[in-house]
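Values in this text are rule-based calculations from the coordinates and carry no lab data. Everything quoted here is computed from the prediction, not taken from an experiment. Cβ: placed from backbone, ideal geometry, glycine included. Neighbour counts: every protein chain shown.
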Amino acid sequence: MRTGSVTRKTRETEITVSLCLDGGDFRPDIPSGFLTHMLDALAKHGGLGLAVQARGDVHVDLHHTVEDIGIVLGKAFKKALGDKAGITRYGLAKVPMDEALVEVCLDISGRPYFQVHGGDVFHGQAGDLDLELVPEFFRALAFNAGITLHVTVCASGNGHHLAEACFKAFARAVREAVSVSGTGIPSTKESL
């Protein structure tokens, strides 16, 4: 089983994430109902076992907590991948959620990068979450996991649907990228 567990404690947050790339339960303890819903979708559609315990300065807002969950999840993802031997490496998924349509393309390259294409659409609220925190979460995850991540918003409308399409597309792209399709390191450099 490919697993990674990471804890990070700062003056603003205390986050623990346990991740299994090969499946398992979703066990949340997060002070955001909407982020819990999104991480549930990520675990389900990514075929991941995921436990997240988060405490933070939510009396200020959810920014630090959401970003730090992304940081810790990224570190757990990197740890679970180990030397990356045998993985497919690339993942691509396009997910519709009613009027919203999002494509995620990623490369488990060891070279962190994050880009949103398709306009400045992350505004307003979905449940208890400011939608501007959705790209913040993915940026933190990508940079700490060491992946190149492109999120393309093809169509948007309802904020809940937009966020959910992002998380589900990311989940399905991750599922493809971490799938075992060989034995060696998938790079001509023989290192990722």
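Overview of values
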quantity	calculated
The range 8-122: mean projected area of Cα convex hull, nm²	8.4 nm²
Unit charges on C-beta of K, R, D, E only; dipole of the chain, Debye	900 debye
Neighbour net charge for Tyr113 - beta-carbon separation under 11 angstrom, K R +1, D E -1	+1
Relative packing of 126-132, 9-15, which averages over residues the other C-beta atoms within 10 Å, highest first	126-132, 9-15
Across Lys9/Lys75; Lys168/Lys189; Lys9/Lys84, pairs whose alpha-carbon gap is larger than 22 Å	Lys168/Lys189; Lys9/Lys84
Cross-link partners of Lys79 among aspartates and glutamates (Cα-Cα below 14 Å; sequence separation of 8 or more within a chain)	Asp22
Relative contact order, percent, the chain [alpha-carbon distance under 8 Å, six or more residues apart]	27 percent
Charge-dipole axis of the range 70-120 as Lys and Arg at +1 and Asp and Glu at -1 on Cβ define it, positive-most pick from Cys105, Ala80, Val116	Ala80
Helical mean residue ellipticity (222 nm; -39500 (n - 2.57) per DSSP H run of 4+; nearest 500) of the chain	-11500 deg cm²/dmol
Correct option for Rg and Dmax of the Cα atoms in Å [calculated from the coordinates] among (1) 15.6, 49; (2) 15.5, 46; (3) 20.1, 69	(1)
Charge dipole of the chain about the Cα centre (unit charges at C-beta), most positive-ward option of Pro135, Leu19, Val95	Leu19
